[in-house]
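A.B. asks: If you scroll down you'll find the structure; I have some questions about it.
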Amino acid sequence: MPNIRRIAVSTGGGDCPGLNAVIRAVVKTATNVYGWKVLGIETGFDGLLGRGGARVRPLTAASVRGILPQGGTILGTSNRGNPFAMPDENGLTVDRSREIIARLEELEVDAVVSIGGDGSMRIAEQMMQLGVGMVGVPKTIDNDLAATDVTFGYDSALHVATEAIDRLHTTAESHHRVMVVEVMGRNAGWIGLEAGIAGGADVILIPEIPYRLEEVVNALVRRARAGGKFSIVVVSEGATQQGGEQVYQEATLGSHGSSALRLGGICNNLAQQIADACGAETRATVLGHLQRGGSPSPFDRVLGTRFGAAAVHLVARGGLGRMVALRGTEIVDVSIPEAIAEPKLVNPSGELVQAGRSVGVSFGA
Ligand code: F6P
């Protein structure tokens, strides 16, 4: 067993419900089971640099009391805090990884539990290569990490999206309208597909199945002719028309330091196109960050707790460079390079899509 006395924990990338459940489990397991000290790094890795007033603070049982049902992260997070490509005040990116590593050494940190999505896992892998002991915990509402059956945060986002579709259903029915609702998920259609199926959507448009507007309109017209007085269209923010491009707000600095698109906005265009094509009264709703906020679902609290505890046990076993994951009913661990090798996307001809088609959902293709 490695000689561990102090670990640090950080949350990076976009937040999601369940981060606090993981932090709590890390702190409680490390202190109760192993008697280690835990440091919380604020705002991704910014706390190690004192950037923007962020700092490193001790986390004890008292610091994590009552946080299990809280959304967000008590440590704060950043998706512009890649140590290898940090934006400076002139808008240039600088490599500050050496400073971060020196600070971790100064604080006598033996291992870092990094809670994040694919971007954070890539950073963890780079830090490992520079000699920092890292263990990963997979988070994201997008559920797009291939190494785990599910990331925590996804279930909570799915609940929000499904409830929103249920609510849109009743008002759509009252007014005989077509409601178009845009959900998050980046390049993965999991939220759109599962919330769409759970909410009984008539049309579901996801990035993995580029759509044709004509098909979408045909599906809505067919439904109206069959007596349907309203329709629900769920569109993932990353969906595209066949031969078209993703709709985005801006090109930002991604977590790997490269350019990344901040997706969003497809919903309004699509609602207008539908209204123009079939004359239906149409309204657009963008769920946006509502999907990332609020209290985690029971599933995410439990998964976050299991992941946090497992990450600490992994450190104790010397499993540095690995990420905890859910496979079936078991928590396992996988190498971080394996975890980030490829994204987990919806299989366009898989059983879930087929089930949707079987119950009459149009995917616009
Ligand atoms: O990766 C999580 C996510 O919520 C995506 O679904 C979405 O595209 C993106 O983050 C939004 O990022 P931001 O919080 O920077 O707007």
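The values are calculated or read from the model by the stated rules, or taken from the named source; none is laboratory data. Just so we're clear, the structure is a prediction, and the values are computed from it rather than from any experiment. No Cβ is skipped: glycine too gets one built from the backbone with ideal geometry, and neighbour counts run over all protein chains shown. Surface accessibility is based on the protein's heavy atoms, side chains included, excluding ligands, DNA and RNA. Shrake-Rupley method; radii C 1.70, N 1.55, O 1.52, S 1.80 Å.
A.B. asks: Go through THR305, VAL137, THR171 and say which Cα lies farthest out towards the positive end of the charge dipole of the chain; charges sit on Cβ, +1 for Lys and Arg, -1 for Asp and Glu.
C.D. replies: Of the candidates, THR305 comes out farthest on the positive side.
A.B. asks: Also, I was wondering about something else. On a straight-distance basis, which lysines could pair with LYS37 in a cross-link, Cα separation under 22 angstrom, same-chain partners fewer than 8 positions away excluded?
C.D. replies: LYS28
A.B. asks: For the range 54-103, report the accessible area per residue in Å² (1.4 Å probe, heavy atoms, rounded to an integer).
C.D. replies: Numbers: 2670 Å² over 50 residues.
That works out to 53 Å² per residue.
A.B. asks: Follow-up. Using Cα centres only, tell me the gap between the range 284-298 and the range 19-96 in whole Å.
C.D. replies: So the two Cα centres are separated by 22 Å.
A.B. asks: A follow-up question, please. Could you tell me the relative contact order of the chain? Use alpha-carbon pairs under 8 Å, at least six residues apart, and round to a whole percent. If you can, show how the numbers build up before the last one.
C.D. replies: Values: 859 pairs, mean separation 83.6, N = 365.
This gives 23 percent for the chain.
A.B. asks: Checking the a/c ratio against 1.5 first, then a/b against b/c, what shape does the Cα gyration tensor give for the range 217-307?
C.D. replies: Verdict is oblate for the range 217-307.
A.B. asks: Roughly how many Å² is the accessible area per residue of the range 142-222, as a whole number, for a 1.4 Å probe? Numbers along the way, then the final one.
C.D. replies: On the way: 2670 Å² over 81 residues.
Counting only protein heavy atoms, the per-residue value for the range 142-222 is 33 Å².
A.B. asks: Please report, in debye to the nearest 20, how large the charge dipole of the chain is about its Cα centre when each Lys and Arg carries +1 at its beta carbon and each Asp and Glu carries -1 there.
C.D. replies: On the way: 33 positive and 37 negative charges, 182 e Å.
Charge dipole, the chain, about its Cα centre: 880 debye, nearest 20.
A.B. asks: At SER295 and GLN70, where each label point lies 7 Å from the Cα along Cα→Cβ, what is the point-to-point distance in nanometres?
C.D. replies: Inter-label distance under the simple model: 1.5 nm.
A.B. asks: Is there a quick way to get the dipole size of the range 93-185? I mean about its Cα centre, with the Cβ of Lys and Arg at +1 and of Asp and Glu at -1; what is the value in debye to the nearest 20?
C.D. replies: On the way: 7 positive and 16 negative charges, 48 e Å.
For the range 93-185, the charge dipole is close to 240 debye.
A.B. asks: Per residue, what volume in Å³ does the Cα convex hull of the chain take up?
C.D. replies: On the way: hull volume 48.6 nm³, N = 365.
Hull volume normalised by residue count: 133 Å³.
A.B. asks: Taking the chain as a Gaussian network, Cα atoms linked when under 10 Å apart, which of GLU105, GLU163, GLU208 shows the biggest mean-square fluctuation?
C.D. replies: Of GLU105, GLU163, GLU208, the Gaussian network model singles out GLU105 as fluctuating most.
A.B. asks: Report, to the nearest whole %, how much of the accessible area of the chain belongs to carbon and sulfur atoms, 1.4 Å probe, protein only.
C.D. replies: Details: 7320 of 15230 Å².
Carbon plus sulfur share of accessible area: 48 percent.
A.B. asks: How far is helix 213-225 tilted off the main Cα axis of the chain, in degrees rounded to 10, range 0 to 90?
C.D. replies: 60 degrees
A.B. asks: For LYS229, go through the aspartates and glutamates and keep the ones whose alpha-carbon is under 20 Å away, minus same-chain ones fewer than eight residues off.
C.D. replies: ASP166, GLU173, ASP202, GLU214, GLU215, ASP276, GLU281
A.B. asks: How long is the gain from VAL221 to ARG167 if the chain were fully straight, where each residue apart is worth 0.36 nm and the alpha carbon distance is subtracted? Walk me through the numbers before you get to the answer.
C.D. replies: On the way: separation 54, 0.36 × 54 = 19.44 nm, distance 2.26 nm.
Once the chain is fully extended between VAL221 and ARG167, it gains 17.2 nm.
A.B. asks: For every helix of n ≥ 4 consecutive DSSP H residues, a contribution of -39,500 (n - 2.57) applies; sum these over the chain, divide by its total residues, and give [θ] at 222 nm rounded to the nearest 500 deg cm²/dmol.
C.D. replies: Numbers: 11 runs with 125 residues, N = 365.
Dividing the helical sum by the residues of the chain leaves -10500 deg cm²/dmol.
A.B. asks: Find the relative contact order for the range 155-293 and round it to a whole percent, using C-alpha pairs within less than 8 Å whose residues are 6+ positions apart. Display every interim value, and only then the final one.
C.D. replies: Numbers: 273 pairs, mean separation 44.6, N = 139.
Value for the range 155-293: 32 percent.
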